[in-house]
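Working notes, beginning with the structure itself.
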Amino acid sequence: MIERFKKLFPEYQVYPKSLRQKEKNSFFIVRDNRQKYLVARSGENKEIAQFEGKNLKENFKLCYLNHNNSELLRQTFPEFSPVSSKLKTSFGFGDRLGLATPAHIRSVQKHPLFPIFAQQSIREIFRTKRKMEDVMDSSIWGLLEAGYIGEWGADADHIKDIFHLKKGLKAGFSMFTIDISDHIKNPFKMSPIEQNSYHSSIPKAKETEKFFLNKEYSIAKKSYIFTESELKRIIITFAKGLNFVIECYRVLKASKNNFDFEISVDETEVTTAAPDHIFIVEYLRKNGVEPTSLALRFPGKFEKGIDYKGNIKEFEKSYREHYLISQFFGNYKLSLHSGSDKFSIYPIIRRISDTFHIKTSGTSWLQAIRAIGIKNPSLYRKIYRCAVQNLEKAKVSYSVSLDLNNLPSIEALSDKGLAKLFSLPNLQQLIHITYGPILSEFREEIYRFLFLYEKEHHQLVEEHLNKHLNILEG
């Protein structure tokens, strides 16, 4: 099949691992000097009419990598539809550009982890000017291209409203991460009058207090009791956010049977205490919500694109306590957000946890820009200047501590010296958080370069993700 296509159409390069057959129909991925295509061929002298493209000789059809054809491919091959990870140890591969799935596949196939190949937050989707369907489609084309066989997941990440929740449902995602940061309040920043007013505005606050007040939980030889003052603090902090979670869960249950449901409380100012964790899970279970995973705010700093900053022993103590609570309630796993490059705490998570979820985001994006720095210094210098110009605006949305004064002058560096920048945490954070303006200005140049240097790009991504997975798997 492939050899016949090569003979007939030598102008196309074939991805041999992509060949997939169903009954008498065959499908595989090819590329010319501009873009990639899906090739479809019917074995019964019939055109594969529903796929959009142009007919070639001998029943071959050159099809576009668009949403319609992606949907048709999923209908033909059910394995291209994402599924729930349940309680399996899982790893989220963020892919801002939609180009890295084949490299993610090569990395994860060496490790017994459940892969979440399609994962992007609403914030990232907006800043990269993509759609939720684009995130799904690019992963599916990557799965076909790399010849992936196995289960996989798709995470509609950091959902903050019902509108985008339904968008994720329609696009076919299998995991939904609900971010309640917009609903969380810090009672320590409120006056007593403000606390009382806000508390009285929370639906069923009195009923919730009655349920939890003086209730004792004995977990791993440790006792947790909800006092009146502590309970008031927790209700003010979390109740409205958890009510939003309940609403989201009911919307999903009305349309979908099996899905992963994650609650994110990590993007908050205050570290999640053990009573907070207990309250969150009990409150949700009391209202019929069964989370798959829970992302808490652990002590220390989880800044974008760099290793953990904080007291390792303090993190380990906190993580162990929260893990024991999760085991007490059961049926969900702890999730670590901003997990990119947190190499120093991976051994702790692996040692303590039977199962967990790690979520990475911009780490593959950084490797794409690193490839540009190595192979196209001129473009990289323009990207760097753009990042510096837009840094202050980008810092509003991200917790980072980078200091441009700690970076060498790019004007003074030789082209070969640019590669050394990528070992500097300040540079990693600079490029990590300014992806929006970078793509707005250099989108076509970046995509064109990565198309031409796909092998080098994917090799860097694979090598870097292997560092993560090798540590997580011991």
Is it the case that Lys160 is touching a strand residue (DSSP E or B) at 6+ places or on another chain (Cβ under 8 Å) and at pLDDT 95 or above?
yes
Just checking, does segment 301-317 include any residue being touching a residue at least 24 places away in the same chain (Cβ under 8 Å), closer than 22 Å to Glu262 by Cβ, buried (at least 23 other Cβ atoms within 10 Å of the Cβ) and of a type outside the set (Phe, Trp, Tyr)?
yes
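Answer yes if at least one residue in segment 320-330 is under 18 Å from the mean Cα position of the chain (by Cα) and touching a residue at least 60 places away in the same chain (Cβ under 8 Å), and no otherwise. Break it down stepwise before answering.
From segment 320-330, those under 18 Å from the mean Cα position of the chain (by Cα) are none; that's our starting set.
Scanning segment 320-330 turns up no residue that is under 18 Å from the mean Cα position of the chain (by Cα) and touching a residue at least 60 places away in the same chain (Cβ under 8 Å).
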Residue within segment 282-291 that is under 19 Å from Arg233 (Cβ atoms), of a type in the set (A, V, I, L, M, F, W, C) and not assigned by TED's automatic domain parsing to the domain that holds Ile433 present
yes
Segment 32-49, residues that are buried (at least 17 other Cβ atoms within 10 Å of the Cβ) and over 11 Å from Asn59 (Cα atoms):
Lys36, Tyr37, Leu38
From Ile193, Ile202, Ile234, grab the single residue that is farther than 30 Å from Met136 by Cα, part of a loop (DSSP other than H, G, I, E, B) and at pLDDT 95 or above.
Ile202
So is Met175 at pLDDT 95 or above, closer than 27 Å to Glu269 by Cα and either surrounded by 24 or more Cβ atoms within 10 Å (Cβ to Cβ) or of a type in the set (A, V, I, L, M) (or both) or not?
yes
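Which of the residues belonging to segment 248-277 are of a type in the set (D, E, K, R), modelled with pLDDT under 95 and over 20 Å from the mean Cα position of the chain (by Cα)? Outline the logic, then answer.
Looking only at segment 248-277, we keep the residues that are of a type in the set (D, E, K, R), and these are 250, 253, 256, 260, 262, 266-267, 269, 276.
Now narrow it down to the ones that are modelled with pLDDT under 95: 266-267, 269.
Of everything in segment 248-277, just one residue is of a type in the set (D, E, K, R), modelled with pLDDT under 95 and over 20 Å from the mean Cα position of the chain (by Cα), namely Glu269.
Tell me, which residue of segment 239-269 that is small (Gly, Ala, Ser) and over 14 Å from His158 (Cβ atoms) is surrounded by the fewest Cβ atoms within 10 Å (Cβ to Cβ)? Please lay out each step first, then the result.
First, pick out the residues of segment 239-269 that are small (Gly, Ala, Ser): 239, 241, 254-255, 264.
Cutting the leftovers down to over 14 Å from His158 (Cβ atoms) gives us 239, 254-255.
On the way: Ala239: 23, Ala254: 8, Ser255: 10.
Residue satisfying both the conditions and the ranking: Ala254.
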Which of the residues belonging to segment 357-373 are modelled with pLDDT of 95 or more and either out of contact with any Ser or Thr (no Cβ under 6 Å at 6 or more places or on another chain) or of a type in the set (Gly, Ala, Ser) (or both)?
Ile358, Lys359, Ser364, Trp365, Leu366, Gln367, Ala368, Ile369, Arg370, Ala371, Ile372, Gly373
Considering only segment 32-39, I want to know if a residue exists there that is within 17 Å of Ser138 (Cα to Cα) and of a type in the set (Ser, Thr, Tyr).
yes
For segment 421-435, enumerate the residues that are without any contact (Cβ under 8 Å) to a residue 60 or more places away in the chain and surrounded by 13 or more Cβ atoms within 10 Å (Cβ to Cβ).
Leu421, Phe422, Leu424, Asn426, Leu427, Leu430, Thr434
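The values are calculated or read from the model by the stated rules, or taken from the named source; none is laboratory data. As the structure is a computational prediction, the values presented were derived from the model and not from experiment. No Cβ is skipped: glycine too gets one built from the backbone with ideal geometry, and neighbour counts run over all protein chains shown.
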